[in-house]
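Data first, discussion second: the structure below is written as structure tokens.
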Amino acid sequence: MRDVFFIKIIVPAILIIVLFVFSFYLILLPMVERGFMDRKKEMIMELTNSALSVIDEYYLEIERQNLTEEMAKEMALNRIKYIRYGDEGKDYFWITNMVPEMIMHPFRPDLNGTDISDYTDPEGTRLFYEAVRKVEDSGEGYIDYYWQWKDDSTRIVPKLSFVKGFEPWGWVVGTGIYLEDVNEEMKAIGGRLVRITLLIILLIAIIVFYIARQSLIIENSRIDAEKELKQSQLKYKMLVEASSESTLMWLDGKLIYFNQPILRQTGYSEEELLKKGMDDLFVIQDESVADFCERVDQSQNAEAMLRTKNGKEVGVVITISNIEISDKRGFIFIIKEVTRHLLRDKSEQMLEEELRTALTIMNSSVNHFLREPELIDMDMSINDAGNLMVRKQTDLLFVTKNTKDIVGVFSSDAFIMDALSNDADQNRKVFTMMRSPVPFVNEKVLLFEALLLMEQEGTEYLAVKNGQLQTTGYIIKKDLCEAQQNVSMLLVRKIEKAELIGQLQGLYDKLPGILSLLLSSDSHCRNVARISTVVSDAIANRVIELLIEKTGPPPVKFAFVALGSDGREEQTLKTDQDNAIIFQGQHTEQVHAYFLELAQKINNWLNEIGYEFCKGKVMASNPKWCQPVSKWKEYFKEWVEDSDPESILDTSIFFDMRFVYGEPSLVDELKDEIKKTTDAKAVFFSHLAQSVRRTKPVAYSEKQETIDLKRAMLPFVGFARVYALKNKLSETNTVYRLRAITKSEKINPSFVEEIINAYEFLMYLRLRLQSAKILANEPPDNLLFVDALSKIEKASLKTAMNEITEIYTQIGFDFETNV
């Protein structure tokens, strides 16, 4: 016995320790060293970029005619000259021109103004010449050389610098790190890792000793328990086999014993029956059999449907008795067939839990599955279409008008139906049998969304259009299903089948894990937010459908709309409800009462599921936000024509309105009215811009403990909203708005791209923070602890926060000076 335990426990533990030590010295430590050096190089690159952004500020002042070039250069040099960083505050920046001549060096003023083309370090490296050559070749780069130790000219040490050119003035800006500092830090890190390794080895040894001792005790207990279990099971086996009624015995959810009557009743063989689960054999109204059994105290009867091998479903009454064997819970089912009860059919096959396998594929763009369309002119004959299908080996032809615009689709099904019809005429024109309009999706949608749309539209294909609404190809359902390896439609499909609020709560609880998995697999945060929005919309749709079934059909058409972050498709895991109802026709007490009752139930259900009530009561259950479309038009007209910077801050989220459920034309009508109302309203846009600038800025410093990410993102959202409304853009998503305004506004595209990068980095931090808190059973919030970030993340956060100042400047220039 001891030999067995030694082989099973001690030997593997020793092997693990040996492998751990080898992995530490051969893989981990070198990897840490490389990563540390890479972070140092990235740090000096970011610092140099920061210095260049300072110079660029003064350059822009020249373009704005606020400074002369000489004044701007002098001010920029003076500012860069006194910038210090590092633990001792002695690390600095230097600047040369492309000759090179030294323009500014804070610790070697003797070099300033001199030609340093031939200046070499003790190893003979013409370091300033190499710096210029790097800039000429690629605009930036790293150089190795020897230089004095900070402000100590008597000590020469190796150094690594990053240099980058500022083309308008022909300058080269550089800064560097001393490799001795890096080596010392690496030694310190290596020492700590060695001590941690020794501690881990010691802990493993203690654990192995403890496990070995406990295993002997457990093994003896296991042998005794197995004897007891065998005796108990034998007793129940005899009871089951002796029963004249169809009888099954389950232990820990698995079928272990059954008798001959159940085999005759179901038609299964013994091997087939043993593979079945409770829900494979039985259907109980409104819940799974396993859930029903959990509520059984001692014994209880239940009406159910028994599924037989030939596919029939037989009405039965099950007597379920609770048993316990060796601390394992089990059940005995005694089944009696009935014919007088009509039981509700709940035989929808449950979707499998294959989230991790499918998420990466579901998060792919439909562009990966694009097919080249085969085209045919609408005036060609059906006979010509059939011949073309045979030649091209395709089931779909896209019908064009004058070989340009795609106006319809001609399928092989249409060809077959025409051939089978009594009045078949092969000379008929293709347009008489084509499907029009062509169902399509934007190329930006994910496979996940495309499959949902195919199911909703009842189609096997979708055309794919780019941002200019040009058809670039098409996708077919077969390709997408093969790509996802027959994985079910995941969370949304389950939501669509849910019948109870408890089921929706359980499905909502899966969302943090899914988002955390996506974030850990480096999925783009925009896609993560979109999936969160798709799930949110699916839950809202299902809630409304279930409540309409209970409340009765609506008296008039209506639309349920999302506002705020949900309206912008930027919902996180700490987002309260912002929604409203728009209904058709005029306000009447009866109609208003129906929609208020429905809205109250919707908001209550969503709150129970996990979407908290809005503290500001911006919800459909508020009578003010449950109104006919005519009243909504009055609201927007008042907000636009009688606006002021304070009041418009409270109503700005309504301009992020997005359709979720009901009649979309009501939302389209209202949005068209908003575009007309805001047309040429300079005062309104000035007030909207002022409301953005009045948003209290979030200060950032590495010394502060926390930062509110939600508040930090508000200027980005407001900036995009102002320009989107001004240019009558239909987009509500912040990133899509920013990309669209570059086509309408004279705004530097690189500036907008920097804003997008900053905003998406803040969104990534926010989603990561909230999903981590929920998975740790903590309430999600937006308060980020700065110390939890890496050095690179802190630098990126600082860069992102600096963009807020640029946003305020741009808005002030474009709006507040032009009223």
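The values are calculated or read from the model by the stated rules, or taken from the named source; none is laboratory data. Just so it is clear, the structure is predicted and the values come from calculations on it, not from any experiment. Counting neighbours? That spans all protein chains shown, and the Cβs are built from the backbone with ideal geometry, glycine included. Areas reflect the complete protein model, heavy atoms only, side chains present, ligands, DNA and RNA absent. Shrake-Rupley method; radii C 1.70, N 1.55, O 1.52, S 1.80 Å.
Extension gain GLU167-LEU60, at 0.36 nm per residue separation less the Cα-Cα distance, in nm? Before the final figure, lay out each step's value.
Working: separation 107, 0.36 × 107 = 38.52 nm, distance 1.35 nm.
Gain on extension, GLU167 to LEU60, equals 37.2 nm.
Under 25 Å from the Cα of LYS336, which lysines turn up, not counting those fewer than eight places away in the same chain? Result set, ordered by chain and number: LYS235, LYS237, LYS254, LYS275, LYS276, LYS309, LYS312, LYS346. Backbone N atoms of the stretch 540-554 closer than 20 Å to the 7 Å Cα→Cβ label point of GLU496 belong to residues 540-549.
Per-atom-type breakdown for the stretch 642-699 gives carbon and sulfur 50% of the accessible area (1.4 Å probe, protein chains only). Counting 0.36 nm for each residue step from ARG34 to ASP291 and taking away their Cα separation leaves a gain of 87.2 nm.
Relative to the longest principal axis of the Cα atoms of the chain, the long axis of helix 511-520 makes an angle of roughly 40 degrees. Placing a label point 7 Å from the Cα of ASN183 along the Cα-to-Cβ direction, the residues of the stretch 124-145 whose backbone N falls under 14 Å from that point are 145. The modelled label-to-label distance for the pair GLU545/LEU783, using points 7 Å beyond Cα in the direction of Cβ, is 4.0 nm. Accessible area per residue of the chain at 1.4 Å probe, in Å²? Result: 52 Å² per residue.
Using θ = phi - 60° in the Karplus curve 6.51 cos²θ - 1.76 cosθ + 1.60, the 3J(HN,Hα) couplings for the stretch 618-631 round to 8, 9, 4, 6, 6, x, 5, 9, 10, 9, x, 4, 5, 5 Hz; x is entered for Gly and Pro.
Paramagnetic label reach from GLU589 (point 7 Å along Cα→Cβ; backbone nitrogen cut-off under 20 Å): within the stretch 549-572, residues 555-556. Maximal additional length on extending the ASN604-GLN456 stretch stands at 50.6 nm, based on 0.36 nm per residue less the C-alpha distance. The orientation-averaged projected area of the convex hull spanned by the Cα atoms of the stretch 697-802 comes to 7.3 nm².
All other residues with a Cβ under 12 Å from the Cβ of TYR723 taken together, and with Lys, Arg as +1 and Asp, Glu as -1, what is their net charge?
Details: positive: ARG721, LYS726, LYS728, ARG737, ARG739, LYS743, LYS746; negative: GLU731, GLU745, ASP814.
Combined, the nearby Lys, Arg, Asp and Glu give +4.
Relative to the longest principal axis of the Cα atoms of the chain, the long axis of helix 179-242 lies at roughly 0 degrees.
Our note on the geometry: Cα centres of the stretch 724-801 and the stretch 19-41, 32 Å apart. Amide H contacts of SER246: ILE335, each under 5 Å away and 5 or more positions distant or on a separate chain (H built 1.01 Å from N in the peptide plane; Pro and chain starts excluded). Which of the lysines could be linked to LYS728 by a straight reach, that is with a Cα gap under 25 Å, when you skip same-chain ones fewer than 8 residues away? Cα-Cα hits under 25 Å: LYS444, LYS465, LYS631, LYS633, LYS637, LYS671, LYS675, LYS676, LYS681, LYS743, LYS746. Per atom type, the stretch 705-793 shows carbon and sulfur on 53% of its accessible surface, probed at 1.4 Å.
Across the accessible surface of the stretch 118-163, with the other protein chains kept in place and a 1.4 Å probe, carbon and sulfur atoms take up 40 percent. Note that the stretch 684-689 has calculated 3J(HN,Hα) couplings of 4, 5, 5, 5, 4, 5 Hz, one per residue in order, obtained from phi through the Karplus relation 6.51 cos²θ - 1.76 cosθ + 1.60 (θ = phi - 60°); glycine and proline are x.
Here the relative contact order of the chain, from alpha carbon pairs under 8 Å that lie six or more residues apart, stands at 6 percent.
So how exposed is ASP152, as accessible area in Å² (1.4 Å probe, rounded to 10)? It works out to around 50 Å².
Sorted largest first by accessible area at a 1.4 angstrom probe radius, with every protein chain in place, the residues ILE196, ILE804, ILE501 fall in the order ILE196, ILE501, ILE804.
For TRP605, the solvent-accessible surface computed with a 1.4 Å probe is close to 50 Å², ligands and nucleic acids excluded. Under 24 Å of direct C-alpha separation, and excluding same-chain neighbours fewer than eight residues apart, LYS798 reaches these lysines: LYS40, LYS41, LYS81, LYS90, LYS164, LYS574, LYS696, LYS703, LYS710, LYS773. The residue among MET31, PHE684, ASN603 whose Cα reaches farthest toward the positive pole of the charge dipole of the chain, with charges on the beta-carbon of Lys, Arg, Asp and Glu, is ASN603.
Residues ASP110, ASP137, sorted by accessible area with the largest first, give ASP137, ASP110 [1.4 Å probe; ligands and nucleic acids excluded].
All C-alpha pair distances within the chain, sorted into 20 Å bins from zero, spread as 11, 30, 34, 20, 4, 0 percent across the bins. Summing +1 for each Lys or Arg and -1 for each Asp or Glu among the other residues whose beta-carbon sits under 13 angstrom from that of LYS746 gives 0.
Here the spin labels are modelled as points 7 Å beyond Cα on the Cα-Cβ line, and at LYS90 and ASP644 they lie 5.9 nm apart. Dipole magnitude for the chain: computed about the Cα centre from +1 point charges on Lys and Arg Cβ and -1 point charges on Asp and Glu Cβ, it is near 1320 debye.
Taking a temperature of 10 °C and a viscosity of 1.306 mPa s, what whole-number D in µm²/s does Stokes-Einstein yield for the stretch 62-174 with Rh from Kirkwood over alpha carbon pairs? Please report the intermediate quantities before stating the final value.
Working: Rh = 14.8 Å.
Rounded to a whole number, D works out at 107 µm²/s.
Taking all protein chains as they are arranged and a probe of 1.4 Å, the heavy atoms of THR551 leave approximately 40 Å² accessible to solvent. Residues whose amide H lies under 5 Å from that of ILE103, counting only those 5 or more places away or on a different chain, are ILE95, THR96, ASN97, GLY113; hydrogens are built 1.01 Å from N in the peptide plane. In the chain, the sites counted are GluC sites (Glu not before Pro) in DSSP loop states with at most 10 other Cβ atoms within 10 Å, and the longest stretch holding none of them, exclusive of the sites, is 349-704. Between the Cα long axis of helix 29-63 and the first principal axis of the chain there is an angle of about 60°, rounded to the nearest 10. Largest accessible area first, the residues MET31, MET305 order themselves as MET31, MET305 under a 1.4 Å probe with ligands, DNA and RNA left out.
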